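To start, the structure itself, in structure tokens.
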Amino acid sequence: MRRLISTAFLGLTLALSAAPALAHSTVKSTVPASGTVMLSSPPEVVINFNEPARLTSVVLAEAGMPERKLPFTPPSGSATTFTLPKPNLGSGRNEIKWKALSKDGHPISGSIIIVIRSGPALSTTPRPPGADAPSHQTTEAPH
């Protein structure tokens with residue numbers, strides 16, 4: 001009986017310790033945060049992952065415009081932070097769609113919504129300070 005309990009405990013311990021290894025990279029935060037309303041295009045957009053990932057594609061979707069690739073210089077390997085310089089976001093709703101490879105090699109994707117509004121000098125972020133939730137959605141692509 002003691003051996004059975006010891007074996008069960010060891011199995012449970014191994015199963016629980018392996019669970020974090022099965023998780024995929026996710027976006028920890030973006031600057032500006034997804035959902036931000038601004039008066040002009042930010043000088044850069046920064047995507048921060050919770051663990052190293054390889055950013056493979058970044059595309060901008062603007063209302064009434066064809067999608068265009070946003071330039072970025074990928075690091076020589078995986079990284080947790082990626083900077084998109086001079087995104088030149090247009091007036092209205094802008095969706096930055098990104099694709100990456102998670103640390104474990106699985107494809108992940110998501111988007112960041114930034115609205116550019118002309119008008120009164122007001123810039124708002126819909127989340128309270130310190131609550132930079134992950135960008136719009138992080139999903140694992142089908143295998």
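The values are calculated or read from the model by the stated rules, or taken from the named source; none is laboratory data. Bear in mind the structure is a predicted one, so any value in this text is a computation, not a measurement. Cβ: placed from backbone, ideal geometry, glycine included. Neighbour counts: every protein chain shown.
Scanning the stretch 51-67 for residues that are surrounded by 13 or more Cβ atoms within 10 Å (Cβ to Cβ) and more than 14 Å from residue 110 (Cα to Cα) gives 51, 52, 62.
Filtering the stretch 63-112 to residues that are under 12 Å from the mean Cα position of the chain (by Cα) and of a type in the set (D, E, K, R) leaves 97, 99.
Taking the listed residues 63, 100, the one that is of a type in the set (Gly, Ala, Ser), at pLDDT 95 or above and in contact with a strand residue (DSSP E or B) (Cβ under 6 Å, 6 or more places away or on another chain) is 100, with no other qualifying.
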